[in-house]
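Notes follow once the structure below has been shown.
The values are calculated or read from the model by the stated rules, or taken from the named source; none is laboratory data. Fair warning: this is a prediction, and the values are worked out from it, not measured in the lab. Ideal geometry is used to build each Cβ from the backbone, glycine not excepted, and the neighbour counts take in all protein chains shown. Accessible surface is based on the protein model in full, side chains and every heavy atom, while ligands, DNA and RNA are left aside. Shrake-Rupley method; radii C 1.70, N 1.55, O 1.52, S 1.80 Å.
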Amino acid sequence: MSLALIAALPFLGALLPGLMIRAGRTACAMATGSATALALIGLLLHAPAVLRGEVVQARFDWMPGLGLNANFFLDGLGLLFAGLILGIGLLIILYARFYLAKTDPMGQFYTYLMLFQGAMVGIVLSDNILLLLIFWELTSLSSFLLIGYWKHLPEGRQGARMALAVTGTGGLAMIAGMLILGGIVGSYDLSVILTQKEAIQASDWYLPALILILLGAFTKSAQFPFHFWLPHAMAAPTPVSAYLHSATMVKAGLFLMARMWPVLAGTDAWFYIVATTGLVTMVMAAKIALFKDDLKALLAFSTVSHLGLITMLLGFGTAEAAAVAVFHIINHATFKAALFMSAGIIDHEAHTRDIKRLGGLRTLMPITFTIVTLAALSMAGIPPLNGFLSKEMMLEEATHTVWAGIPWLFAVLATIGAMFSVAYSFRLIGHVFLGPVRDDYPHKPHDPGFGLWAAPAALAVLVVLIGVAPMTMVGDLVTVVAGAVTGGDVTIKISHWHGLVPALWMSVAAVGAGLILFGAHLRLDALWLAAPRPEAKAIFDALVDGIAALSHGVTARLHDGALSRYFVIFTLGVLGAGWLAWSEGGHVPGLRNVLPIPGVALAGWLLLAVCSVLVAVLHRERLLALVVIGVVGLIVSVGFIYLSAPDLALTQISVEVVTIVLMLLALNFLPKTTPRESSTARRLRDIAVAGAAGLSTAALALALMMRDFAFPTISDYHLANSYSGGGGTNVVNVILVDFRGYDTFGEIIVLGIAGLLIFALAEALLRGAANKRLLEWVPELPKSGDRHPLMMVVAGRVALPITLMVGVYIFLRGHNEPGGGFIAGLIVAIALVTQFMASGFAWTQARQRVDYHAFIGFGVVIAAATGLGSWLAARPFLTSNFGYFRIPPFDKFELATAALFDLGVFLTVIGAVMLTLASLSRIAIRAGETVNTTAMDNDPSQPAPAKGGH
Amino acid sequence: MNHWIIAPVVLPAVMAPLIVLLMRHDLTLQRVFSVAATLGLLTISAVLLVQASSGGPQVYFLGNWPAPFGIVLVLDRLSAMMVALTAVLGIGVLLYVIGSGWDARGKNFHALFQFQLMGICGAFLTGDAFNLFVFFEVLLIASYGLMIHGGGRDRLRAGVQYIAYNLMGSTLFLFALATIYSVTGTLNMADLALRVADLPEGNGALLRVAGVLLLIVFAVKGALVPFQFWLPGTYALAPGPVAALFAVMTKVGAYAILRFYTLIFGPDMETNGTFYADLLMPAAIVTMILGMVGVMGAKSLARMAAFAGIGSMGMLFMAMAAFTPAGISAALYYLVHSTLAGALLFLIVDLVQSRRGTTGITALPPMAQHGLITALFFGAAIAMAGMPPLSGFLGKLLVLDALRDRADMALLWSVILVASLLAIVGLARAGSTVFWKAHASPGDAAAHESEPLAFVAVFGLLALIVGQTVLSGPLTAWLDGTAAQVFDSGAYVDAVLGLR
């Protein structure tokens, strides 16, 4: 079976439980188990070849550019771990079937479990370290789901988050480490990397890579000082604890260290970091385990301790120690998984896992007692069980190790670690099973059904078998695996009796002292409880909460909606960046002469400056400010005329009129004054910033005006081709509808959208909370008694046809003289707006049944259709055409497609303005404005009672 | 003349007014034609993608005027890719809008939506600096309309801030264009590239000022610190699907920076050298940190998604600021990913909002379809935080790899990794509170419509992310080609001005 398929099978299997749970819990478990079993069979089929020393491979390209490929390989180390993962996985599936309560969603559980299993298998089969990283992070994610499986329990949620944060940190560090490693070697494939020991260890980047990779390994394998997450992960259901937190996931870090051992180990840095961390972890965790009352917490710390032991062995950097590490990995997986499952059984049966509430279970649960005793004795290192064998070998290696010139340090501390291990193992047996039967269990315990104890029993059998006949059972395996780890041939000899070597005496001392500790547990426990000790969870929570609170404080305060501050920062940013750009130099001032300033221009300029300042000064009086804004606009229009830009002037002045009128109408429903909200200091700051921005803009404009173009401009072409190519003598208009008609097309759409959105906005206001305010609206200013004055109505009506005619005229002449669709549209809109203002919206609207949506729609469609028409002539969008015609009695005249386009512009402009007006009127009517039935309040042609006929 | 090039602009530009004209009273009709037009856009963009993949840039001369005197559209791999991304996102968002009934909560949604697509596509396709301004206006005004769709006090208030802030940007855009024109006498981008390269001495300072002003304009769109202030309120308070569509709007800023600062103000130009890159990189770093710090500190899922968007822009700009082919390729990969992932997250947040009535990160009783939405959120969070197995992780690897040979590599890597950690922890905290703690809260799920079409859209986006992950190999190879083309400004200039 292809390795890729083996890695994929658990993922595929993850799809099954969600479905199969519909067929019942047993079917669900069986379906899940079959996927695992299939993968295990596939793996075992490769076993003979691997044990012969061959390496099985499967390769698929994924991202060859990056060097990330789906490359898998299977050697002894991979075989051992994949076997553990799938084998124990199978047992866990069986166990969980009977462990989970009926109310637990079993489908979900198995799905998560299979995702995790797939990720683990992926890690151990990866030949590509980037692929390995992916699976690595996947284990963090799936374990997050598994730890938080009981979502209603706060411990589960918090434990899950803590595990994710810690292992996630390590994972991120490892990303960097792996990328560096790949950079040194030039490949991310392990099969290449593992051959490059010299290159890697000689590189300047070796130490950073080592530290970053080890961060990943240490966090995953719960090494000091990252061990604190593991006990909290025990909030997970017991099958999860047994699987992830003893047998597999926490060993991923060990796997990685073993995998990288050939290229990373053997240096001082490796020894001092890895071996020391392992030693500290082993001793510290073993001590804590002794004082834990929760069965799973005890086992958790014991696990941490044993992981430390294995880490230490790998850290020694010798082939012998690595072989012992491999052997202990196997042993630990067997006895610890059995113990976890047994702890789950006890919890399941007695409804508590508090050691202080247990005791005397020996007779009530004889089967469980047997399993636990065998496994715990192995954990304590009592012969002839398998734990004894590897512990002896570990102690032997420790005696050969010199730490910073101190030859006895490792030996002594390892013995102390072993001593604690003995003590808590005996406590596990003694305080749970021995002693008198109690009558205050939360639930009367008895042995569970076969389904629940079968899995731990199978493991206990292995504990004994490996213990009794180690070479037969695992000799070959350990040899091959150790060979794979060290990258060389290793001869393994596992035996119970090595003679009267120091390790034996250390072992005896550890057992003896351990028993004494166990005996004195009651008094030691009191001391332990009385001593102050840092609570990792509290520190972690405070840290994360602190960071979260700080983050919230910073980001919320920065983004609190204070628009004026945003603008200050914006302006300062612009000024700062602009100054940087300028100050790098390279400016030669222009050579143009300053023209003499005529009096008119000076007066206009002064008026403009004064009015602009007045807007700022008067902005609290909104009506007044609006009037001043109108003046500014007028002066700008005059300026355009003065500078010989009649088109611009016409546009500007009509835009000015329309906007001021619409803004006046809108202002009617807004407060007439702006409250003073900012302090004097704030205003001074704003004045300074705005002043700097204004002066900088002026300086920039001056610098530009003082010089000539560095290149000939494209406008010469426009001047030259306006008539011959565009058929118009008004270059501005030809630019608008032809040279850059596409820009105009965009701009009329902007106008059209503005109309549509103002309509939608008014609609939203009328349906929202503002509606209530409108209904209760009381005008601030006294209403005029004569809302629809006779004079205005009459004047407006007289002006209407004239203005319309002017509009048409302006439109038609646009191509050759100042004018065009845009200006014409505005003029016509002004004429219409006048009618509405004079006689009221509803009255006027009733006489003119047009929906202005249609104007916008038609306008844009006509403009677009004109553009598309050129496709018929196989020309690009918006290509214009024009011709000269003569129909008697008229003079020769020109017809241009551009005029059609301009018609679209014309209609859209009218539509946008009028739709805005309509939207404002809707608001006015909602605010209580009455609908008049006559055109004017005092209509001389009507009898008197019509007055105020609202 | 290849009319396909203008089709992404013309199709929505015609459909939108037709919707206004003929269908404004019937929502079903609007929906049908809006979907049809968006599917059409998708088809067109696929054709363009195929066309762009083979051969060099293609030019469309509007009005048949020669460059640089008229306006040109330029189709190359980059613009084709951006248009395709817009179309894909557009159809997803549109289906969600219809499925969730968002379009019935206000007027003119579909017309504004089509105009929005038109504006975005136009900005990607144009080869003219002033025309880019026009399309910035189109997409700004349309986006404002969409943003305030449905109304509500907070949304309207945020809308004012959005439009006001972006109008500052528009004004600055005009300043920048005026300065550029005054110095060079042209606004055609290819022509600008030529003229900037040949700039006579004594003009450097002015042109750099123009360049930096333009950079700020694009930075506003791309939410680059310190010009990101408009984003959190806007995205958090906009209708969910609109915020999802906006995921591509920040990319307009990124696209424009990429285009202008390789083609016209590239690091090889004597006038500016690495000046812009040196400004961009620190800003990008702070953006990424600020975004992920915001994720960590957010009190609502909507704001969290908004800050995640800022953070992802930071990472995108970091890759881009390297201005190397590898950096650009990585940036583009991440651009696609972060657009899809950001949109996905916003849609899911909207599912939550519509069922719980709030996106606040607090424990409330389970909502309708709780399990399904939980799973979707988990997926989106993985994507957004850049965790495996989704493309965010691959994008992160690509970015890290692209930044490897720089002197400040240690800083850049630390920023990316630490910011990722903040995102992971922040998303995990929020998710476990909103989705898991709900099981500890008493109360039953309030009934809610099942909205199958909305879920189709959400799953569709997720499937796209998965697709990007699986097809990463061919995609990165294609993007490498795109990055190479981006740096080949000679080919671009020749295509536009060659016919002169």
Residues of the stretch B:43-83 that become at least 20 Å² less accessible with every protein chain present than in their own chain isolated, using 1.4 Å: which are they?
B:TYR60, B:LEU62, B:GLY63, B:ASN64, B:TRP65, B:PHE69, B:ILE71
Any chance you could look up the accessible area of A:MET284 with a 1.4 Å probe, heavy atoms only, rounded to 10 Å²?
40
Which value at 222 nm does the protein assembly as shown reach when only helices count, each DSSP H run of 4 or more adding -39,500 (n - 2.57), with the total divided by all residues and rounded to the nearest 500 deg cm²/dmol?
-23500 deg cm²/dmol
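Ignoring ligands, DNA and RNA, how much accessible area is buried between chains B and A, both sides summed, with a 1.4 Å probe, to the nearest 100 Å²? Numbers along the way, then the final one.
Values: alone 18090 and 43750 Å², together 51210 Å².
Buried: approximately 10600 Å² between A and B.
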Taking the Cα centre of the protein assembly as shown as the origin and placing charges on Cβ (Lys, Arg +1; Asp, Glu -1), which of B:LEU75, A:PRO407, B:LEU156 is farthest toward the positive end of the dipole?
B:LEU156
Once the Cβ-Cβ distance between A:ALA562 and B:ALA410 is put in as r, and R0 is 41 Å, what FRET efficiency do you end up with, to the nearest 0.05?
0.70
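Just need the relative contact order of chain A here, percent rounded to a whole number, with Cα pairs under 8 Å and 6+ apart. Before the final figure, lay out the partial values.
On the way: 1445 pairs, mean separation 72.7, N = 950.
Taking the mean separation of contacting Cα pairs over the length of chain A, I get 8 percent.
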Say R0 is 35 Å: what FRET efficiency, to the nearest 0.05, do A:ILE41 and A:LEU19 get from their beta-carbon distance?
0.95
Compare the Cα positions of A:PHE877, A:ASN938, A:MET805 along the charge dipole of the stretch A:805-950 (+1 at Cβ of Lys, Arg; -1 at Cβ of Asp, Glu; about the Cα centre) and return the one farthest towards the positive end.
A:PHE877
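Where does each of A:ARG565, B:ARG157 land when they are ordered by accessible area, with a 1.4 Å probe and the largest first? Could you put the intermediate results ahead of the total?
On the way: A:ARG565 70, B:ARG157 140 Å².
Descending accessible area places them as B:ARG157, A:ARG565.
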³J(HN,Hα) computed for each position of the stretch A:163-170 - Karplus, 6.51 cos²θ - 1.76 cosθ + 1.60, integer Hz, glycine/proline x:
4, 5, 5, 6, 5, x, 4, x
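Between B:HIS3 and A:ALA542, what FRET efficiency follows from the Cβ-Cβ distance if R0 is 45 Å, with the result rounded to 0.05? Before the final figure, lay out each step's value.
Values: r = 64 Å, r/R0 = 1.43.
Efficiency computed from Cβ-Cβ geometry: 0.10.
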Order the following by accessible area, largest value first: A:LYS772, A:LYS151, A:LYS251, A:LYS287. Probe radius 1.4 Å; ligands, DNA and RNA are ignored.
A:LYS772, A:LYS287, A:LYS151, A:LYS251
Accessible surface of B:ARG105 - all protein chains present, 1.4 Å probe, nearest 10 Å²
90
Could you give the size of the charge dipole of the stretch B:274-488 about its Cα centre, using +1 on the Cβ of each K and R and -1 on the Cβ of each D and E, expressed in debye and rounded to the nearest 20?
580
Which of the lysines could be linked to A:LYS783 by a straight reach, that is with a Cα gap under 24 Å, when you skip same-chain ones fewer than 8 residues away?
A:LYS672, A:LYS772, A:LYS947
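Per residue of A:827-835, what is the mean number of Cβ atoms on other protein chains within 10 angstrom of that residue's Cβ?
Numbers: counts 0, 0, 0, 0, 0, 0, 0, 0, 0.
Taking all residues of A:827-835 together, the mean is 0.
Sorted by accessible area with a 1.4 angstrom probe, largest first, how do A:THR479, A:THR26 fall?
On the way: A:THR479 45, A:THR26 70 Å².
If we order A:THR479, A:THR26 from most to least accessible, we get A:THR26, A:THR479.
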Taking the Cα centre as origin and putting +1 on Lys and Arg beta-carbons and -1 on Asp and Glu beta-carbons, what dipole magnitude results for chain B, to the nearest 20 debye?
1280
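Where the only charges are on Cβ atoms (+1 Lys, Arg; -1 Asp, Glu), what is the dipole of the protein assembly as shown about its Cα centre, to the nearest 20 debye?
Values: 79 positive and 75 negative charges, 669 e Å.
Dipole size: approximately 3220 debye.
May I ask you to give the solvent-accessible area per residue for chain A, in square angstrom, as obtained with a 1.4 angstrom probe?
Details: 38380 Å² over 950 residues.
Roughly 40 Å² per residue, with all protein chains present.
Across the residues of A:868-878, average count of Cβ atoms on other protein chains within 10 Å? The partial results should precede the final answer.
Working: counts 4, 0, 5, 4, 0, 1, 2, 5, 14, 14, 8.
Rounded to a whole number, the mean comes out at 5.
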Once you have the Cα-Cα distance between A:VAL613 and A:ALA799, take 0.36 nm times their residue separation minus that, and quote the gain in nm to one decimal.
63.4 nm
I'd like the accessible area for A:LEU5: 1.4 Å probe, protein heavy atoms, all chains in place, Å² to the nearest 10.
80
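Please report the carbon-and-sulfur percent of the accessible area for the stretch A:778-838; probe 1.4 Å, protein heavy atoms only, DNA, RNA and ligands left out.
Working: 2340 of 3080 Å².
Carbon and sulfur together cover 76 percent of it.
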Cα-projected label distance for A:ARG676 with A:HIS152, points at 7 Å along beta-carbon direction, nm:
6.1
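Say the cut-off is 18 Å between C-alpha atoms; which of A:LYS151/A:LYS356; A:LYS220/A:LYS251; A:LYS220/B:LYS437; A:LYS391/A:LYS493 go over it?
Details: A:LYS151/A:LYS356 28 Å; A:LYS220/A:LYS251 8 Å; A:LYS220/B:LYS437 26 Å; A:LYS391/A:LYS493 14 Å.
With Cα atoms farther than 18 Å apart: A:LYS151/A:LYS356; A:LYS220/B:LYS437.
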Just going by the charge dipole of the protein assembly as shown, with Lys and Arg at +1 and Asp and Glu at -1 on Cβ, which of A:VAL274, B:VAL295, B:THR433 is farthest out on the positive end?
B:THR433
Can you order the peptides A:615-624, A:124-133 by their average number of other Cβ atoms within 10 Å per residue, highest first?
A:124-133, A:615-624
Separation between the B:ASP278 and A:GLN942 pseudo-spin-labels, each 7 Å from Cα along Cα→Cβ, expressed in nm?
7.6
Could you run the Karplus curve 6.51 cos²θ - 1.76 cosθ + 1.60 with θ = phi - 60° over the stretch A:30-37 and give me ³J(HN,Hα) per residue in whole Hz, x for Gly and Pro?
5, 4, 4, x, 5, 5, 4, 4
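Using the Cβ atoms and a cut-off under 13 Å, what net charge is assigned to the surroundings of A:HIS815, where Lys and Arg are +1 and Asp and Glu are -1? Don't skip to the answer; put the middle values down first.
Numbers: positive: A:ARG813; negative: A:ASP647, A:ASP738, A:GLU817, A:GLU894, A:ASP902.
Net local charge, A:HIS815 excluded: -4.
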